[in-house]
Amino acid sequence: FNSDIYISKIVNGSWSPARKLGKNINTKFWESHATFSKDENTIYFTSNRSGGHGGLDILKSIKDANGNWGPPENLGSKINSPFNEETPFISEDGDVLYFSSQGHDNMGGFDIFKAETDNSGSWDNPENIGYPINTTDDDLFFLPKNGGINGYLSSINFGPNAGGKDIYYLDIY
């Protein structure tokens, strides 16, 4: 399989044509699930390209002065486990990374984790955000809002649903 990341923006109320991101993002390997910093100059994405820590890893790339994505940097073994990491989302201030992982200290399948940057800009050890958001099923696609006090989550585990995974808006206490 091959999977590539594209971008489309709303312009004058309509979606622009999808545009494939450059060769530093898309390769012959599997690239999926991307998130952008608030200023859109940094992209975090998952890929199983060679040189990683195992399975899908989270990488970041910074846009250069010409608007091209620079060579990606693997976020390292604090974030990337020997298993798959998926669905990264960066907080609005860029200091907290939320992602799903089959590794680290989880309850089963994929769990959602958060990692914060320290004073030097390095990532702290990821923290499992816990139950009831994480369950023994696969928990993916947590999108933080309002500084992390709210969020959107795709899940099959919360009350009656419309079928399959539904999207929920959460208050985080």
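Out of the residues in segment 158-173 that are part of a loop (DSSP other than H, G, I, E, B) and among the aromatic types (Phe, Trp, Tyr), which is surrounded by the fewest Cβ atoms within 10 Å (Cβ to Cβ)?
Within segment 158-173, the match that is surrounded by the fewest Cβ atoms within 10 Å (Cβ to Cβ) is TYR173.
Does GLU116 qualify as being in contact (Cβ under 8 Å) with a residue 40 or more places away in the chain, surrounded by fewer than 16 Cβ atoms within 10 Å (Cβ to Cβ) and of a type in the set (Asp, Glu)?
no
List the number of the failed condition for ASN106; all other conditions in (1) open to solvent by 30 Å² or more (accessible area, probe 1.4 Å); (2) under 23 Å from ILE5 (Cα atoms) hold.
(2)
Say whether the condition of being part of a loop (DSSP other than H, G, I, E, B), polar (S, T, N, Q) and under 19 Å from ILE43 (Cα atoms) is met by at least one residue in segment 69-81.
Checking segment 69-81: at least one residue is part of a loop (DSSP other than H, G, I, E, B), polar (S, T, N, Q) and under 19 Å from ILE43 (Cα atoms).
For residues in segment 1-21 being within 18 Å of ASP64 (Cβ to Cβ) and of a type in the set (Val, Ile, Thr), which is surrounded by the fewest Cβ atoms within 10 Å (Cβ to Cβ)?
ILE7
Considering only residues of segment 22-79 that are more than 17 Å from PHE99 (Cα to Cα), free of Cβ contacts under 8 Å to residues at least 24 places away in the same chain and polar (S, T, N, Q), which is least open to solvent (accessible area, probe 1.4 Å)?
Once the filter is applied, the top-ranked residue is ASN26.
Of everything in segment 53-85, what is out of contact with any Phe, Trp or Tyr (no Cβ under 6 Å at 6 or more places or on another chain) and of a type in the set (S, T, N, Q)? Give them in sequence order.
Scanning segment 53-85 gives ASN66, ASN68, ASN74, SER77, ASN80, SER81, ASN84.
Could you tell me whether SER100 is closer than 23 Å to GLU40 by Cα and under 15 Å from the mean Cα position of the chain (by Cα)?
Yes, satisfied.
Among the numbered criteria (1) buried (at least 16 other Cβ atoms within 10 Å of the Cβ); (2) of a type outside the set (Gly, Ala, Ser); (3) part of a loop (DSSP other than H, G, I, E, B); (4) at pLDDT 95 or above, which single criterion is violated by PRO88?
Evaluating PRO88 over (1) buried (at least 16 other Cβ atoms within 10 Å of the Cβ); (2) of a type outside the set (Gly, Ala, Ser); (3) part of a loop (DSSP other than H, G, I, E, B); (4) at pLDDT 95 or above leaves (3) as the failure.
Do you know which residues across segment 130-157 are in a loop (DSSP other than H, G, I, E, B), at negative phi and open to solvent by less than 50 Å² (accessible area, probe 1.4 Å)?
ILE133, ASN134, THR135, ASP139
The values are calculated or read from the model by the stated rules, or taken from the named source; none is laboratory data. The structure displayed is predicted, hence computed values, not measured ones. Note that we place each Cβ from the backbone using ideal geometry, even for glycine, and neighbour counts take in every protein chain shown. What goes into the accessible areas is simple: the full protein's heavy atoms, side chains included, and nothing from ligands, DNA or RNA. Shrake-Rupley method; radii C 1.70, N 1.55, O 1.52, S 1.80 Å.
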